[in-house]
Every structure is written in structure tokens, then in C-alpha cells.
Amino acid sequence: MSSTPPPPDRPRPLRTAAVIPAAGRGIRLGPGAPKALRVLGGTPMLIHAVRAMAASRAVSLVVVVAPPDGAPEVKHLLDEHALPERTDYLVVPGGETRQESVGLGLDALPEDISVVLVHDAARPLVPVDTVDAVVEAVRNGAPAVVPALPLADTVKEVEPAVVAGEPEPVLSTPVRARLRAVQTPQGFDRDTLVRAHAEVALDGEGATDDAGMVERLGKPVVVVPGHEEAFKVTRPLDLVLAEAVLARRRANDGF
């Protein structure tokens, strides 16, 4: 018995996809495998990041943007690890910059995706509550949403030194109460993010913050509370901290 199709004026269900650019080399972690493939608790960080996105029931598709010549390897990696069956996965080759890689991930999305998350593969331990909060804010009408934390340290704006290691003159001290440390996943109305990538041209390394591209369109960006465990694993000490967080989760929650 065939089901009756919905009336043509009924809005399509909102589907959410997460794009994970994982094409970078991560040189600050030292020589070896690309950052996203470094092992954390016996499992590559990329797998932790994919699982973090798939843990949200709102996320129905995860697109991993692999190194340009590494898509087969990343696809094999995903196939080797247990991932939630309710979530679909797609691996596409990336570009030379993060901005290019995110754009290629957007190009691969099915037409019925309305909400897009962009998540750093190097933030493997973001809690599902943070993911859900970002998705909910976009679904409630925000064109762009970022999770963020208040800063613990005072911040100084300086004139960068010409030679590394030289003293740098302070230009100003921003009001700390107005500052936030931004995390991922960042969430977007799909059409807004696609337009930002089409219209905002950046030189050099391109955009490292997709919400900043949306800002340049003149569209509002809102902040939801981030989480201290959503930190970015960039340096060797971060990896040590991530191992400690993961060990505590496994001891307390069986994670």
C-alpha cells in the first residue's frame, strides 16, 4: 500500500548535515600523520569528531573532507570503526585551504539539507548537548550560530613583531566581558553559508572561521554556550589533556 504524498505546500522536513574539514596537516603537533588522523585513546581524532556529530539525533549526514589524495584512506578508516547506523557518511577530497575544503563539502550536500554544521576535526570531544544547542538555534531562525566560552585571561591587542621573539607594543586592552573564545560546530542556514562561500573572497589561507564570512555578508551571528571539553587539539600538550578527558569519560560514563 503506497503512502499518500504530502501536499505540495507543506514545508520539507529540516535535515541537518555536518561538514568536517580534515585535509590539514597539523604541523604544530609535529611530524607524522595529519592532525585528524592522530590517535586519541586508541582511535583517530577524526573518528571521535565524526562520532561527536553523529551523537546528535538531529544530524543525519556527516561529510568528511579528506586530504586531496587521501579520500580512499579516510573512507576505509570510517568503514573500520563503529558509527551510528542512523547517520549517513560521505567522504570527499578537499582543497588547498580550509575554506576550499568546506566549500567542496557544501557542494557534496544533498538538496534536502537545510542546516549545515561545520566542525573542526581537531575538536574531538565536543559534547552532544553543544551540538544540539547549535542546531536548535539555527532551526529557530538564526542564520549563523557559534558556541563560545567567556575568556579567563585578559587579552591585549599588540603590534606584531617583525622578528619573532622581539617585544611587541600593546595597542589596547579589549573589555574582557565582551569577548568570547569561539568553538565548533558552527551552525548555519544552508543558503546563507553557500552565499558566504560564493561571495566572500579571502586571500592567502582563506577563512578559518565560517561565521566570520557570514558576518562580512552583513548577516547576524549569535553565540550559544560552548563547553570546556570542546577545546581544539593543536599542540602536544592539548593531546595530553584530551587523553585525560577521554580517560575520565570512560571511567565515569563508559564512553
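The values are calculated or read from the model by the stated rules, or taken from the named source; none is laboratory data. Please read these numbers as outputs of a predicted model, since none were measured by experiment. So basically every Cβ, Gly included, is an ideal-geometry build from the backbone, and we count neighbours across all protein chains shown. Note: areas computed on protein heavy atoms with side chains; ligands, DNA, RNA excluded. Shrake-Rupley method; radii C 1.70, N 1.55, O 1.52, S 1.80 Å.
Tabulated data for the structure shown
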quantity	calculated
Estimated FRET transfer efficiency (residue 195, residue 55; beta-carbon r; R0 41 Å; 0.05)	0.90
Portion, in percent, of the accessible area of the chain that falls on carbon or sulfur, probe 1.4 Å	53 percent
Residue 89-residue 151 FRET efficiency (beta carbon distance; Förster radius 45 Å; 0.05 resolution)	0.80
For segment 47-115, fraction of C-alpha pairs farther apart than 19 Å, in %	34 percent
Sparsely packed trypsin sites (Lys or Arg not before Pro) within segment 135-243, loop by DSSP, other Cβ within 10 Å at most 10	none
Spatially proximal aspartates and glutamates relative to residue 156 (Cα-Cα < 12 Å; intrachain offsets below 8 disregarded)	168
Cα-based convex hull, the chain, per residue volume (Å³, whole number)	173 Å³
Å² of accessible area per residue within segment 102-255, as computed with a 1.4 Å probe and no ligands counted	54 Å²
Sites residue 128 and residue 177 - FRET efficiency at Förster radius 35 Å, r taken between beta-carbons, to 0.05	0.75
Proximal aspartates and glutamates to residue 219, defined as alpha-carbon separation beneath 17 angstrom and excluding residues fewer than eight positions away on the same chain	189, 191, 199, 209, 210
Between segment 182-252 and segment 71-137, the alpha-carbon center distance in angstrom	12 Å
